[in-house]
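Before I ask anything, here is the structure I am working with.
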Amino acid sequence: MNYDLGKIATVPSRSSAFALYLTGLGSWFVPLGIQQVLFAWLAAIVLHMDAFAVGIAQVALMAPGILFLPLGGLVADRGNARRLLLRYHFLYGVPPLVLAAVLAMGGLSYPLLIAYGLAAGSIGAFAVPTRDALLPAVAGANLPRAVALATALQFFGQLIGIAAASQADRTGAIPLLLAQAILVIVGSVAVWRFPDPPPHPPAQHPSFWRSIGDGIVEAARSEQMWPVLLLNFGIGVFYVGPFMAVLPLVVRDVYHGGAAEIAYINLAFWAGTIVAAFAFAGLARRLLRRGRLVLSAVSVGAVILFAMALHPPFLVFNALCFIWGLGAGITLTQGRTILQIVAPATHRARLMALFQLGIGGGGPIGAFIAGSLAAVLGLKLAMVLPAIAMAVMIAMVLAFSRIWTMRTVE
């Protein structure tokens with residue numbers, strides 16, 4: 001007898017479905033927070049790689065997004081997003097288990113770390129647009145509030161993971177890798193209990209590249225979506241790159257820190273992001289000029305990055321990370337809300353994939369550039385030059401779009 005487990009499960013109400021969504025979200029992003037610190041710690045502190053090598057390692061973790069985020073969005077737009085996400089949860093637990101097993105045998109190496117980054121980054125690239133595509137089906141009547149709460153919990157989960165990974169100097173990597181795998185696999189129970197999304201209407205599907213092109217065209221002709229997507233790509237290249245590739249080196253070489261200090265700057269950043277996301281969850285429906293908020297927050301980020309290049313005392317450096325995180329929380333909640341409201345249902349996963357591609361695709365480009373700049377020109381210029389480049393992009397978006405005046409209404 002052939003049973004469909006997805007249909008046997010009791011269909012939850014809309015409110016409990018959103019609670020399950022948040023539970024699944026947390027079970028993914030706590031491990032992601034562990035990975036964020038642990039990966040940088042293994043590369044910069046344990047293996048003691050130079051600036052260029054650390055940048056390449058971060059590229060390996062983020063580069064799969066360039067290839068697989070658009071494909072993940074296309075697969076989610078055509079398939080059952082709940083069942084797909086369930087598979088991704090199981091798959092995401094495999095790389096940390098493998099790495100833990102190899103470490104237990106004393107086999108840590110730089111190529112192994114690169115392989116881990118490629119595997120984890122690839123699975124994550126498929127999961128992100130799939131989860132975003134499910135949000136409107138469980139959000140209820142207030143989509144902007146749901147986006148803000150999901151964003152806040154996403155970063156709160158990362159914060160917990162980062163706090164746990166701050167103990168890596170004391171516990172070692174293996175217990176943290178096991179916790180990472182167990183959490184994401186256990187979280188699949190919540191995903192299994194999601195309601196199935198509405199079925200896709202019957203349609204003839206064009207080729208992969210035609211479908212991706214359709215998503216890009218849809219974004220390009222929307223006066224609200226393209227400036228947000230362009231700024232998000234700039235964030236990936238000019239902010240995420242230095243954050244991932246340069247800041248761990250600043251901690252090591254300027255502040256003479258280890259895993260705990262890497263965790264502190266991450267905790268400060270994500271704490272700011274969470275504060276902003278929760279604040280905007282309460283204001284969700286009262287906001288209309290979301291583009292103005294995005295542009296303002298991104299502009300503050302350029303100032304912060306320039307200030308960090310001055311290498312202030314470590315406490316001030318953490319305070320700057322917190323303010324930078326506030327801006328990130330505003331940018332991510334309001335940018336995602338604009339796309340969730342404006343994007344047509346037929347293209348939503350692909351457009352959310354493009355949004356994430358700004359970070360997932362721009363990040364490895366930025367990490368490579370920032371790591372190379374740090375190796376050739378030093379840590380200060382590896383932060384100052386991206387800040388200047390981002391300021392130029394902000395000026396161009398302000399000049400050629402209506403982002404400052406546009407209104408986004410649900």
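Coordinate-derived values only; no laboratory data. Just so it is clear, the model here is predicted, and its values are computed rather than measured. Backbone-built Cβ (ideal geometry, glycine too); neighbour counts: all protein chains shown.
Please list, in order, the residues from the range 162-193 whose amide nitrogen is less than 14 Å from a point placed 7 Å along the Cα→Cβ vector of Leu97.
Correct set: 177-188.
How would you classify the range 274-410 from its alpha-carbon gyration tensor, with a ≥ b ≥ c the square roots of the eigenvalues: rounded for a/c under 1.5, else prolate if a/b is greater than b/c, otherwise oblate?
Values: a/c = 2.02, a/b = 1.58, b/c = 1.27.
Here the range 274-410 falls in the prolate category.
Rounded, prolate or oblate for the range 207-254? Axes are the square roots of the Cα gyration tensor eigenvalues, ordered a ≥ b ≥ c, and the cut-off for rounded is a/c under 1.5. Don't skip to the answer; put the middle values down first.
Details: a/c = 8.24, a/b = 2.54, b/c = 3.25.
Oblate, because a/c is 1.5 or more while a/b does not exceed b/c.
Which one, Gly358, Gln340, Phe322, is farthest towards the positive end of the dipole of the range 277-364 when Lys and Arg carry +1 and Asp and Glu -1 on their Cβ?
Toward the positive end, the furthest listed residue is Gln340.
Just for the Cα atoms in the range 232-296, what are the lengths along the principal axes, largest first, rounded to whole Å?
45, 24, 13
Further question on the same structure: Taking the chain as a Gaussian network, Cα atoms linked when under 10 Å apart, which of Pro364, Pro344, Pro248 shows the biggest mean-square fluctuation?
Pro344
Specify, per residue and in Å³, the volume enclosed by the convex hull of the alpha carbon atoms belonging to the range 42-94. Let's see the in-between values first.
Numbers: hull volume 4.1 nm³, N = 53.
Cα convex hull per residue, to the nearest whole number: 77 Å³.
Same structure again: Membrane-span-like helices in the chain: DSSP H runs reaching 30 Å or more (Cα, own axis), mean Kyte hydropathy at least -0.5? Walk me through the numbers before you get to the answer.
On the way: long enough: 14-41 (41 Å, 0.90); 110-138 (42 Å, 1.16); 143-165 (33 Å, 1.39); 259-282 (34 Å, 1.48); 314-342 (41 Å, 1.39).
Qualifying helices, which must be both long enough and hydrophobic enough, are 14-41, 110-138, 143-165, 259-282, 314-342.
For a footprinting-style exposure proxy, rank Leu86, Leu20, Leu108, Leu354 by other Cβ within 10 Å, fewest first. Before the final figure, lay out each step's value.
Values: Leu86 22, Leu20 19, Leu108 14, Leu354 28.
Listing Leu86, Leu20, Leu108, Leu354 from fewest to most nearby Cβ atoms yields Leu108, Leu20, Leu86, Leu354.
Can you give the calculated 222 nm mean residue ellipticity of the chain, where each DSSP H run of n ≥ 4 adds -39,500 (n - 2.57) and the sum is split over every residue, rounded to the nearest 500 deg cm²/dmol? Before the final figure, lay out each step's value.
On the way: 21 runs with 314 residues, N = 410.
Rounded to the nearest 500, the figure is -25000 deg cm²/dmol.
Hey, rough spin-label estimate for Leu310 and Trp404, points 7 angstrom out along Cα→Cβ, what's it come to in nanometres?
Distance between label points: 2.7 nm.
Let me ask another. Tell me, what is the FRET efficiency for Asn142 and Asp50 to the nearest 0.05, using R0 = 56 angstrom and their Cβ-Cβ distance as r?
Details: r = 49 Å, r/R0 = 0.87.
It comes to 0.70.
Another one. With the Cα gyration tensor of the range 336-410 giving a ≥ b ≥ c as the square roots of its eigenvalues, does the rule (a/c under 1.5 for rounded; else a/b larger than b/c for prolate; else oblate) give rounded, prolate or oblate? Present the calculation step by step, with values, prior to reporting the outcome.
On the way: a/c = 4.26, a/b = 1.77, b/c = 2.40.
Oblate shape, in that a/c is at least 1.5 and b/c is the bigger or equal ratio.
Translational diffusion coefficient, Stokes-Einstein: compute it for the chain using the Kirkwood radius over C-alpha pairs as Rh, at 4 °C and 1.567 mPa s, and state it as an integer in µm² s⁻¹.
61
So, with +1 on the Cβ of K and R and -1 on the Cβ of D and E, and no other charges, what is the size of the charge dipole of the chain about its Cα centre, to the nearest 20 debye?
Values: 24 positive and 12 negative charges, 214 e Å.
Using Cβ point charges on Lys, Arg, Asp and Glu, the chain gives about 1020 debye.
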